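What follows is a single structure, written as structure tokens, with notes after it.
The values are calculated or read from the model by the stated rules, or taken from the named source; none is laboratory data. Bear in mind the structure is a predicted one, so any value in this text is a computation, not a measurement. Heads up, the Cβs are rebuilt from the backbone with ideal geometry, glycines too, and the neighbour counts pull from every protein chain shown.
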Amino acid sequence: MSRDKKNNVIMNEMITAKEVRCTADNGSNYGIIPTHEALAHADEQGLDLVLIAPDGKPPVAKIMDYGKFKYQQEKKKKEARKNQKVIVVKEIKLSVKIADNDINYKVKHSREFLEAGHHVKFRVFLRGREMANPQAGVDVLKKVWPMVEDLAVMDKEPKLEGRYVNMMALPKKEENHK
């Protein structure tokens, strides 16, 4: 074994330093010894000599089972990925001239999304002359907000962004204890 391409780890015969500060996996400390002697100790135990701190004076090397070490690192990474929470943002599109029953229908869906723990982005698209009065889009969102405020926290106030007036709603924390 020479060099692990993925992690750029220097080990065994690839170590070019004349001497290293050597420690073992079991906690014993060999002190500062010539590299060939550290390699002999590693071979004797059937393990690898891995350079941990190549910039140290002298460099620090550790006698360890590199395969086992790499396996444990991968296992930790997998565990961290498993514990990550994926945030899903659902988008509800509205218009300035939307009817009340359509608002109720869309709010019903947004409530389902919030109950499921998803973030909801409400967007009012401004067409043509509606761009002259973006306040109309803000008014639609202010009409929607009281219908979902028992389940949500407003993350972003209604705000004009390009041709859309956007508002972000996040589920309340106490609703999310699973």
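Does any residue of the stretch 84-97 turn out to be assigned to a helix (DSSP H, G or I) and either touching a helix residue (DSSP H, G or I) at 6+ places or on another chain (Cβ under 9 Å) or within 20 Å of ASP150 (Cα to Cα) (or both)? Scanning the stretch 84-97 turns up no residue that is assigned to a helix (DSSP H, G or I) and either touching a helix residue (DSSP H, G or I) at 6+ places or on another chain (Cβ under 9 Å) or within 20 Å of ASP150 (Cα to Cα) (or both). Every test in (1) basic (Lys, Arg); (2) over 30 Å from GLY128 (Cβ atoms); (3) touching a helix residue (DSSP H, G or I) at 6+ places or on another chain (Cβ under 7 Å) is passed by LYS70 save one, and that test is (3).
When LYS75 is tested against the conditions (1) part of a helix (DSSP H, G or I); (2) touching a His at 6+ places or on another chain (Cβ under 9 Å), the lone failure is (2). Close contacts from the stretch 23-50, counting a first residue that is closer than 9 Å to MET64 by Cα and assigned by TED's automatic domain parsing to the domain that holds LYS62 and a second that is hydroxyl-bearing (Ser, Thr, Tyr) and assigned to a helix (DSSP H, G or I), with Cβ to Cβ under 7 Å and a gap of 6+ residues or different chains, come to ASP48/TYR66; VAL50/TYR66.
Kindly indicate the residue of the stretch 70-112 that is among the small types (Gly, Ala, Ser) and loosely packed, with under 10 Cβ neighbours inside 10 Å and also nearest to VAL50 (Cα to Cα) among those meeting that condition. Break it down into steps so the answer makes sense when it comes.
Of the stretch 70-112, the ones among the small types (Gly, Ala, Ser) are 80, 95, 99, 110.
After this cut, where a residue has to be loosely packed, with under 10 Cβ neighbours inside 10 Å as well, the list is 80, 99.
On the way: ALA80: 25, ALA99: 69 Å.
So, considering only residues that are among the small types (Gly, Ala, Ser) and loosely packed, with under 10 Cβ neighbours inside 10 Å, the one nearest to VAL50 (Cα to Cα) is ALA80.
The lone criterion from (1) of a type in the set (D, E, K, R); (2) loosely packed, with under 11 Cβ neighbours inside 10 Å; (3) more than 30 Å from GLN45 (Cα to Cα) left unmet by GLU115 is number (2).
Counting only strands (runs of 3 or more DSSP E) that sit completely within the stretch 1-69, those holding 1 or more residues that are at pLDDT 85 or above, over 31 Å from the mean Cα position of the chain (by Cα) and crowded, with 19+ Cβ neighbours inside 10 Å correspond to 19-24, 48-53, 60-64.
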